[in-house]
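Okay, so here's the structure we're looking at.
The values are calculated or read from the model by the stated rules, or taken from the named source; none is laboratory data. All values reported here derive from a predicted model rather than from experimental measurement. Cβ atoms come from the backbone with ideal geometry, glycine included; neighbour counts cover every protein chain shown.
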Amino acid sequence: MHKINLSGDIYFLGVNDRRTALFENFWPLPNGVTYNSYLIVDEKVCLIDTVERKFSDDLFEKIEAIIGKRPVDYLIINHVEPDHSGAIRAVKEKYPGITLVGNKKTIPIVTNFYGDTENSLIVEDGGTLDLGKHELSFHTIPMVHWPESMVTFESETGILFSNDAFGSFGTFGGAVFDDEVDLNLYEEEVMRYYTNIVGKYCPHTQRALVKLENLKINQIAPSHGLLWRSNLSWILERYQKWSSYSTDNGVVIVFGSMYGHTEKMADAIGRQLANRGVKNLRIYDASKTHISYIISDIFKYKGVIIGSCAYNNEMFPPVEALVREIEHKGIKDHYLGLFGSYSWNGGGVKNLEKFAEAVKWEIVDSPVEEKGALKEEKYAALVALANAMAGKLVEDFGK
Ligand code: FEO
(Lines give C-alpha, C1' and ligand atoms only; values in the text may rest on other atoms or scores of the structure.)
Protein backbone atom coordinates (compact mmCIF):
# COMPACT_ATOMS: atom_id res chain seq x y z
CA MET A 1 0.00 0.00 0.00
CA HIS A 2 1.26 3.47 -0.89
CA LYS A 3 2.21 5.54 2.12
CA ILE A 4 1.90 9.22 1.33
CA ASN A 5 3.73 11.57 3.62
CA LEU A 6 3.59 15.33 3.76
CA SER A 7 6.87 15.43 5.61
CA GLY A 8 8.88 12.82 7.52
CA ASP A 9 6.48 11.19 9.94
CA ILE A 10 3.35 13.13 8.95
CA TYR A 11 1.10 11.01 6.74
CA PHE A 12 -1.91 11.55 4.52
CA LEU A 13 -4.80 9.13 5.05
CA GLY A 14 -7.41 10.44 2.59
CA VAL A 15 -10.08 8.35 0.90
CA ASN A 16 -11.90 8.84 -2.41
CA ASP A 17 -15.69 8.78 -2.35
CA ARG A 18 -16.83 8.24 -5.93
CA ARG A 19 -20.17 6.68 -5.01
CA THR A 20 -21.98 9.37 -3.07
CA ALA A 21 -24.12 11.32 -5.52
CA LEU A 22 -24.93 14.31 -3.32
CA PHE A 23 -22.70 15.97 -0.73
CA GLU A 24 -24.74 16.80 2.40
CA ASN A 25 -27.47 14.98 0.42
CA PHE A 26 -27.91 18.14 -1.67
CA TRP A 27 -24.82 19.21 -3.67
CA PRO A 28 -24.07 17.14 -6.80
CA LEU A 29 -20.77 15.29 -6.87
CA PRO A 30 -20.12 14.48 -10.55
CA ASN A 31 -16.43 14.10 -9.71
CA GLY A 32 -16.90 12.69 -6.20
CA VAL A 33 -15.31 14.05 -3.05
CA THR A 34 -12.49 13.06 -0.72
CA TYR A 35 -12.31 12.93 3.05
CA ASN A 36 -8.75 13.62 4.17
CA SER A 37 -7.40 12.53 7.49
CA TYR A 38 -3.79 12.78 8.70
CA LEU A 39 -1.51 10.88 11.06
CA ILE A 40 1.50 12.21 12.97
CA VAL A 41 3.75 9.47 14.33
CA ASP A 42 5.74 10.78 17.27
CA GLU A 43 6.22 9.86 20.94
CA LYS A 44 2.46 10.26 20.88
CA VAL A 45 0.53 9.17 17.79
CA CYS A 46 -1.95 11.75 16.67
CA LEU A 47 -4.82 11.40 14.19
CA ILE A 48 -6.12 14.64 12.72
CA ASP A 49 -9.80 14.37 11.79
CA THR A 50 -11.44 11.17 10.58
CA VAL A 51 -13.51 10.29 7.51
CA GLU A 52 -17.12 9.59 6.59
CA ARG A 53 -18.38 6.67 8.66
CA LYS A 54 -18.58 4.15 5.81
CA PHE A 55 -14.85 4.58 5.18
CA SER A 56 -13.80 3.68 8.74
CA ASP A 57 -12.23 0.38 7.68
CA ASP A 58 -10.24 2.11 4.94
CA LEU A 59 -8.98 4.58 7.52
CA PHE A 60 -7.87 1.79 9.87
CA GLU A 61 -6.12 -0.06 7.03
CA LYS A 62 -4.13 3.07 6.25
CA ILE A 63 -3.29 3.70 9.90
CA GLU A 64 -2.17 0.09 10.48
CA ALA A 65 -0.02 0.15 7.35
CA ILE A 66 1.94 2.92 9.05
CA ILE A 67 1.95 2.08 12.77
CA GLY A 68 0.85 -1.56 12.90
CA LYS A 69 -0.84 -2.42 16.17
CA ARG A 70 0.48 0.63 18.01
CA PRO A 71 -2.44 2.62 19.43
CA VAL A 72 -3.37 6.16 18.48
CA ASP A 73 -3.12 8.53 21.44
CA TYR A 74 -4.92 11.65 20.24
CA LEU A 75 -7.70 12.49 17.82
CA ILE A 76 -7.78 16.16 16.88
CA ILE A 77 -11.30 17.18 15.90
CA ASN A 78 -11.04 20.32 13.79
CA HIS A 79 -14.72 20.18 12.81
CA VAL A 80 -17.58 17.92 13.88
CA GLU A 81 -19.60 17.75 10.67
CA PRO A 82 -20.00 14.00 10.12
CA ASP A 83 -18.08 13.93 6.84
CA HIS A 84 -15.02 14.34 9.09
CA SER A 85 -16.22 12.98 12.40
CA GLY A 86 -18.23 10.01 11.14
CA ALA A 87 -15.59 7.48 12.20
CA ILE A 88 -15.23 8.82 15.77
CA ARG A 89 -17.23 6.05 17.37
CA ALA A 90 -15.26 3.39 15.46
CA VAL A 91 -11.96 5.11 16.34
CA LYS A 92 -12.88 5.13 20.03
CA GLU A 93 -13.77 1.45 19.92
CA LYS A 94 -10.50 0.55 18.20
CA TYR A 95 -8.34 2.80 20.39
CA PRO A 96 -10.11 2.92 23.78
CA GLY A 97 -7.33 4.97 25.37
CA ILE A 98 -7.56 7.74 22.78
CA THR A 99 -8.05 11.34 23.90
CA LEU A 100 -10.40 13.52 21.84
CA VAL A 101 -9.00 17.00 21.34
CA GLY A 102 -11.20 19.98 20.50
CA ASN A 103 -12.08 23.46 21.61
CA LYS A 104 -14.84 24.36 24.06
CA LYS A 105 -17.44 24.38 21.29
CA THR A 106 -16.27 21.09 19.78
CA ILE A 107 -16.84 18.67 22.60
CA PRO A 108 -20.54 19.43 23.26
CA ILE A 109 -21.29 18.92 19.56
CA VAL A 110 -19.36 15.64 19.58
CA THR A 111 -21.45 14.59 22.58
CA ASN A 112 -24.63 15.44 20.69
CA PHE A 113 -23.62 13.28 17.74
CA TYR A 114 -21.68 10.43 19.35
CA GLY A 115 -22.44 10.33 23.06
CA ASP A 116 -19.58 9.74 25.48
CA THR A 117 -16.71 12.25 25.34
CA GLU A 118 -15.33 11.45 28.78
CA ASN A 119 -11.73 11.15 27.65
CA SER A 120 -11.38 14.55 26.01
CA LEU A 121 -9.05 17.51 26.13
CA ILE A 122 -10.33 21.03 25.58
CA VAL A 123 -7.77 23.35 23.99
CA GLU A 124 -7.82 27.14 23.94
CA ASP A 125 -7.62 29.27 20.83
CA GLY A 126 -3.84 29.51 20.34
CA GLY A 127 -3.25 26.61 22.74
CA THR A 128 -0.68 23.91 22.05
CA LEU A 129 -0.20 20.16 22.35
CA ASP A 130 3.23 18.53 22.57
CA LEU A 131 3.57 15.17 20.79
CA GLY A 132 7.32 14.75 21.38
CA LYS A 133 9.23 16.22 18.44
CA HIS A 134 6.15 17.92 17.06
CA GLU A 135 4.14 20.69 18.64
CA LEU A 136 0.64 21.43 17.44
CA SER A 137 -1.20 24.69 17.95
CA PHE A 138 -4.93 25.24 17.53
CA HIS A 139 -6.64 28.27 16.01
CA THR A 140 -10.37 28.73 15.90
CA ILE A 141 -11.96 29.89 12.64
CA PRO A 142 -15.63 30.06 13.65
CA MET A 143 -18.20 29.46 10.89
CA VAL A 144 -15.63 28.24 8.38
CA HIS A 145 -17.68 26.08 8.38
CA TRP A 146 -19.44 25.54 11.76
CA PRO A 147 -19.07 27.46 15.03
CA GLU A 148 -16.51 25.01 16.43
CA SER A 149 -14.35 24.94 13.27
CA MET A 150 -10.65 25.28 13.94
CA VAL A 151 -7.35 24.58 12.23
CA THR A 152 -4.32 22.76 13.58
CA PHE A 153 -0.80 23.99 12.83
CA GLU A 154 2.40 21.96 13.06
CA SER A 155 5.14 24.47 13.75
CA GLU A 156 8.30 22.59 12.65
CA THR A 157 7.05 21.74 9.15
CA GLY A 158 4.62 24.65 8.78
CA ILE A 159 1.76 22.32 7.83
CA LEU A 160 -1.70 23.76 8.37
CA PHE A 161 -4.43 21.16 8.79
CA SER A 162 -7.27 23.36 7.64
CA ASN A 163 -10.25 21.02 7.48
CA ASP A 164 -13.01 22.53 5.25
CA ALA A 165 -11.02 25.70 4.55
CA PHE A 166 -9.16 25.51 1.22
CA GLY A 167 -10.93 22.23 0.41
CA SER A 168 -12.58 21.15 -2.80
CA PHE A 169 -15.04 18.80 -4.40
CA GLY A 170 -13.53 16.15 -6.65
CA THR A 171 -11.66 12.93 -6.01
CA PHE A 172 -7.99 12.30 -6.54
CA GLY A 173 -7.13 10.95 -9.95
CA GLY A 174 -3.90 9.50 -8.59
CA ALA A 175 -2.60 12.97 -7.75
CA VAL A 176 -2.81 14.18 -4.16
CA PHE A 177 -0.70 17.35 -4.22
CA ASP A 178 -1.41 20.60 -6.06
CA ASP A 179 1.77 20.33 -8.14
CA GLU A 180 0.63 16.98 -9.56
CA VAL A 181 -2.39 18.38 -11.44
CA ASP A 182 -3.39 21.08 -13.90
CA LEU A 183 -5.04 23.53 -11.51
CA ASN A 184 -7.07 25.07 -14.35
CA LEU A 185 -9.00 21.80 -14.58
CA TYR A 186 -9.54 21.79 -10.86
CA GLU A 187 -10.64 25.38 -10.27
CA GLU A 188 -14.37 24.93 -10.92
CA GLU A 189 -14.69 22.31 -8.20
CA VAL A 190 -12.60 24.35 -5.74
CA MET A 191 -14.86 27.33 -6.33
CA ARG A 192 -18.12 25.37 -6.31
CA TYR A 193 -17.10 23.87 -2.98
CA TYR A 194 -16.17 27.20 -1.39
CA THR A 195 -19.08 29.25 -2.70
CA ASN A 196 -21.76 26.71 -1.85
CA ILE A 197 -20.51 25.08 1.34
CA VAL A 198 -18.74 27.97 3.06
CA GLY A 199 -19.93 30.89 0.90
CA LYS A 200 -22.55 32.05 3.41
CA TYR A 201 -19.67 32.83 5.76
CA CYS A 202 -17.52 35.13 3.65
CA PRO A 203 -16.99 37.72 6.43
CA HIS A 204 -15.90 34.88 8.73
CA THR A 205 -13.56 33.62 6.01
CA GLN A 206 -12.05 37.09 5.73
CA ARG A 207 -11.40 37.13 9.49
CA ALA A 208 -9.89 33.63 9.30
CA LEU A 209 -7.53 34.69 6.50
CA VAL A 210 -6.29 37.61 8.59
CA LYS A 211 -5.80 35.34 11.59
CA LEU A 212 -3.87 32.73 9.61
CA GLU A 213 -1.47 35.39 8.30
CA ASN A 214 0.30 35.10 11.65
CA LEU A 215 1.36 31.52 10.93
CA LYS A 216 4.36 30.58 8.80
CA ILE A 217 2.49 28.19 6.55
CA ASN A 218 4.46 25.93 4.17
CA GLN A 219 1.71 23.45 3.30
CA ILE A 220 -2.06 23.46 3.57
CA ALA A 221 -3.63 20.09 4.21
CA PRO A 222 -7.42 20.40 3.96
CA SER A 223 -9.95 17.69 4.66
CA HIS A 224 -11.35 17.67 1.12
CA GLY A 225 -9.43 17.58 -2.13
CA LEU A 226 -5.89 18.53 -3.06
CA LEU A 227 -3.08 19.25 -0.62
CA TRP A 228 -1.36 22.57 -1.23
CA ARG A 229 2.45 22.56 -1.05
CA SER A 230 3.64 24.39 -4.19
CA ASN A 231 0.83 26.78 -5.10
CA LEU A 232 -0.26 28.27 -1.78
CA SER A 233 -0.73 31.69 -3.31
CA TRP A 234 -3.08 30.18 -5.94
CA ILE A 235 -5.56 29.01 -3.32
CA LEU A 236 -5.02 31.87 -0.84
CA GLU A 237 -5.59 34.53 -3.50
CA ARG A 238 -8.79 32.86 -4.62
CA TYR A 239 -10.12 32.62 -1.08
CA GLN A 240 -9.31 36.30 -0.62
CA LYS A 241 -11.12 37.17 -3.82
CA TRP A 242 -14.20 35.02 -3.37
CA SER A 243 -14.74 35.87 0.30
CA SER A 244 -14.57 39.59 -0.44
CA TYR A 245 -17.22 39.29 -3.20
CA SER A 246 -14.72 40.51 -5.77
CA THR A 247 -16.02 39.60 -9.24
CA ASP A 248 -14.91 39.53 -12.86
CA ASN A 249 -16.40 41.10 -15.95
CA GLY A 250 -19.27 38.91 -17.07
CA VAL A 251 -22.97 38.17 -16.81
CA VAL A 252 -24.98 35.23 -15.54
CA ILE A 253 -28.48 35.05 -17.00
CA VAL A 254 -30.83 32.63 -15.27
CA PHE A 255 -34.35 31.97 -16.41
CA GLY A 256 -37.32 29.90 -15.32
CA SER A 257 -39.68 29.14 -18.17
CA MET A 258 -42.56 26.70 -18.66
CA TYR A 259 -43.30 27.09 -22.37
CA GLY A 260 -40.28 28.95 -23.68
CA HIS A 261 -41.43 32.60 -23.65
CA THR A 262 -39.23 33.65 -20.73
CA GLU A 263 -36.43 31.60 -22.28
CA LYS A 264 -36.73 33.65 -25.50
CA MET A 265 -36.41 36.80 -23.40
CA ALA A 266 -33.20 35.40 -21.87
CA ASP A 267 -31.81 34.67 -25.34
CA ALA A 268 -32.64 38.18 -26.54
CA ILE A 269 -30.73 39.68 -23.59
CA GLY A 270 -27.84 37.30 -24.14
CA ARG A 271 -27.59 38.15 -27.83
CA GLN A 272 -27.45 41.87 -27.12
CA LEU A 273 -24.83 41.40 -24.38
CA ALA A 274 -22.73 39.47 -26.90
CA ASN A 275 -23.26 42.30 -29.40
CA ARG A 276 -21.92 44.65 -26.77
CA GLY A 277 -18.79 42.57 -26.34
CA VAL A 278 -19.56 40.75 -23.09
CA LYS A 279 -17.57 37.57 -23.52
CA ASN A 280 -18.07 35.90 -20.16
CA LEU A 281 -21.72 35.12 -20.57
CA ARG A 282 -23.65 32.20 -19.11
CA ILE A 283 -27.33 31.44 -19.67
CA TYR A 284 -28.82 28.89 -17.28
CA ASP A 285 -32.21 27.21 -17.24
CA ALA A 286 -33.02 27.12 -13.52
CA SER A 287 -35.00 23.92 -14.08
CA LYS A 288 -32.01 22.10 -15.54
CA THR A 289 -28.84 23.31 -13.88
CA HIS A 290 -28.24 22.59 -10.22
CA ILE A 291 -28.20 25.70 -8.12
CA SER A 292 -24.61 25.04 -7.00
CA TYR A 293 -23.22 25.76 -10.49
CA ILE A 294 -25.28 28.94 -10.80
CA ILE A 295 -24.27 30.20 -7.35
CA SER A 296 -20.62 29.54 -8.17
CA ASP A 297 -20.88 31.60 -11.37
CA ILE A 298 -22.72 34.39 -9.54
CA PHE A 299 -19.72 34.58 -7.19
CA LYS A 300 -17.57 34.81 -10.32
CA TYR A 301 -19.32 37.48 -12.42
CA LYS A 302 -20.50 40.97 -11.57
CA GLY A 303 -23.66 40.98 -13.71
CA VAL A 304 -26.73 38.90 -12.87
CA ILE A 305 -29.96 38.93 -14.86
CA ILE A 306 -32.81 36.79 -13.56
CA GLY A 307 -36.05 35.99 -15.34
CA SER A 308 -39.11 34.12 -14.20
CA CYS A 309 -42.44 33.24 -15.66
CA ALA A 310 -45.45 33.66 -13.41
CA TYR A 311 -46.50 30.52 -11.59
CA ASN A 312 -49.59 30.53 -9.38
CA ASN A 313 -49.06 34.27 -8.79
CA GLU A 314 -45.49 33.57 -7.66
CA MET A 315 -42.06 33.08 -9.15
CA PHE A 316 -41.37 29.83 -10.95
CA PRO A 317 -40.28 27.45 -8.15
CA PRO A 318 -36.72 26.75 -9.42
CA VAL A 319 -36.10 30.50 -9.71
CA GLU A 320 -37.58 31.05 -6.27
CA ALA A 321 -35.20 28.42 -4.88
CA LEU A 322 -32.27 30.19 -6.50
CA VAL A 323 -33.09 33.66 -5.22
CA ARG A 324 -33.76 32.32 -1.72
CA GLU A 325 -30.32 30.71 -1.80
CA ILE A 326 -28.75 33.99 -2.93
CA GLU A 327 -30.49 35.81 -0.08
CA HIS A 328 -29.61 33.08 2.41
CA LYS A 329 -25.94 33.25 1.42
CA GLY A 330 -25.94 37.05 1.67
CA ILE A 331 -24.06 37.41 -1.61
CA LYS A 332 -23.16 41.06 -2.09
CA ASP A 333 -22.23 43.62 -4.68
CA HIS A 334 -23.73 42.72 -8.05
CA TYR A 335 -25.48 44.49 -10.88
CA LEU A 336 -28.97 43.11 -11.37
CA GLY A 337 -31.52 42.98 -14.17
CA LEU A 338 -34.97 41.37 -14.03
CA PHE A 339 -37.40 40.09 -16.62
CA GLY A 340 -40.17 37.57 -17.07
CA SER A 341 -43.49 36.53 -18.44
CA TYR A 342 -46.76 37.75 -16.93
CA SER A 343 -48.87 34.79 -18.04
CA TRP A 344 -52.43 35.44 -16.80
CA ASN A 345 -51.88 37.31 -13.54
CA GLY A 346 -48.17 38.04 -13.08
CA GLY A 347 -46.16 37.03 -10.03
CA GLY A 348 -42.72 36.26 -11.46
CA VAL A 349 -41.35 39.75 -11.94
CA LYS A 350 -43.33 41.19 -9.02
CA ASN A 351 -41.67 38.77 -6.62
CA LEU A 352 -38.27 39.16 -8.24
CA GLU A 353 -38.56 42.86 -7.41
CA LYS A 354 -39.09 41.96 -3.76
CA PHE A 355 -35.95 39.84 -3.96
CA ALA A 356 -34.07 42.80 -5.45
CA GLU A 357 -35.12 45.00 -2.53
CA ALA A 358 -33.99 42.36 -0.04
CA VAL A 359 -30.63 41.65 -1.63
CA LYS A 360 -29.83 45.34 -2.25
CA TRP A 361 -27.98 44.77 -5.53
CA GLU A 362 -27.89 47.68 -7.97
CA ILE A 363 -30.72 47.46 -10.51
CA VAL A 364 -29.34 48.50 -13.90
CA ASP A 365 -32.66 49.17 -15.67
CA SER A 366 -36.42 48.74 -15.24
CA PRO A 367 -37.62 45.14 -15.09
CA VAL A 368 -39.11 43.87 -18.33
CA GLU A 369 -42.36 41.91 -18.15
CA GLU A 370 -44.13 40.57 -21.23
CA LYS A 371 -47.66 39.22 -21.55
CA GLY A 372 -47.43 35.92 -23.39
CA ALA A 373 -45.18 35.79 -26.45
CA LEU A 374 -42.31 38.27 -26.82
CA LYS A 375 -43.29 41.24 -29.02
CA GLU A 376 -41.37 44.19 -30.48
CA GLU A 377 -41.92 46.69 -27.68
CA LYS A 378 -40.64 44.39 -24.93
CA TYR A 379 -37.90 43.07 -27.20
CA ALA A 380 -36.63 46.65 -27.40
CA ALA A 381 -36.87 46.91 -23.60
CA LEU A 382 -34.78 43.75 -23.25
CA VAL A 383 -32.15 45.20 -25.58
CA ALA A 384 -32.14 48.34 -23.42
CA LEU A 385 -31.73 46.20 -20.28
CA ALA A 386 -28.77 44.39 -21.86
CA ASN A 387 -27.27 47.71 -22.94
CA ALA A 388 -27.63 49.08 -19.40
CA MET A 389 -25.86 46.02 -17.98
CA ALA A 390 -23.10 46.20 -20.58
CA GLY A 391 -22.67 49.89 -19.84
CA LYS A 392 -22.24 49.25 -16.11
CA LEU A 393 -19.63 46.58 -16.80
CA VAL A 394 -17.70 48.92 -19.07
CA GLU A 395 -17.71 51.52 -16.27
CA ASP A 396 -16.20 48.96 -13.90
CA PHE A 397 -13.91 46.93 -16.13
CA GLY A 398 -13.37 49.01 -19.26
CA LYS A 399 -13.95 47.64 -22.75
FE1 FEO B 1 -16.43 18.98 5.23
FE2 FEO B 1 -18.27 21.22 7.07
O3 FEO B 1 -17.60 19.52 6.60
Taking strands (runs of 3 or more DSSP E) that do not extend beyond region 1-58, which have at least 2 residues that are crowded, with 18+ Cβ neighbours inside 10 Å and in contact with a Ser or Thr (Cβ under 6 Å, 6 or more places away or on another chain)?
-> none
Positions within region 130-149 being surrounded by 17 or more Cβ atoms within 10 Å (Cβ to Cβ) and within 21 Å of residue 63 (Cα to Cα), in sequence order = 131, 134, 136
Within region 72-178, which strands (runs of 3 or more DSSP E) (wholly inside it) include 3 or more residues that are closer than 21 Å to residue 205 by Cβ and within 16 Å of the ligand (Cβ to nearest atom)?
-> 150-154, 159-163
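Residues are listed down the side, and each one gets a yes or a no for (1) modelled with pLDDT of 95 or more; (2) surrounded by 14 or more Cβ atoms within 10 Å (Cβ to Cβ):
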site: 328; (1), (2): yes, no
site: 339; (1), (2): yes, yes
site: 350; (1), (2): yes, yes
site: 354; (1), (2): yes, no
site: 359; (1), (2): yes, yes
site: 364; (1), (2): yes, yes
site: 372; (1), (2): no, no
With respect to residue 67, determine if the residue is of a type outside the set (Asp, Glu) and either in contact with a Cys (Cβ under 9 Å, 6 or more places away or on another chain) or under 29 Å from residue 215 (Cα atoms) (or both).
-> no
Can you confirm whether region 1-16 contains a residue that is within 12 Å of the ligand (Cβ to nearest atom) and either acidic (Asp, Glu) or under 25 Å from the mean Cα position of the chain (by Cα) (or both)?
-> no
Hits in region 256-270 (condition: under 31 Å from the mean Cα position of the chain (by Cα) and surrounded by fewer than 18 Cβ atoms within 10 Å (Cβ to Cβ)) | 258, 267
Lone qualifier among 322, 382 - being in the same structural domain as residue 290 (by TED's automatic domain parsing), buried (at least 21 other Cβ atoms within 10 Å of the Cβ), over 32 Å from the mean Cα position of the chain (by Cα) and in a helix (DSSP H, G or I) | 382
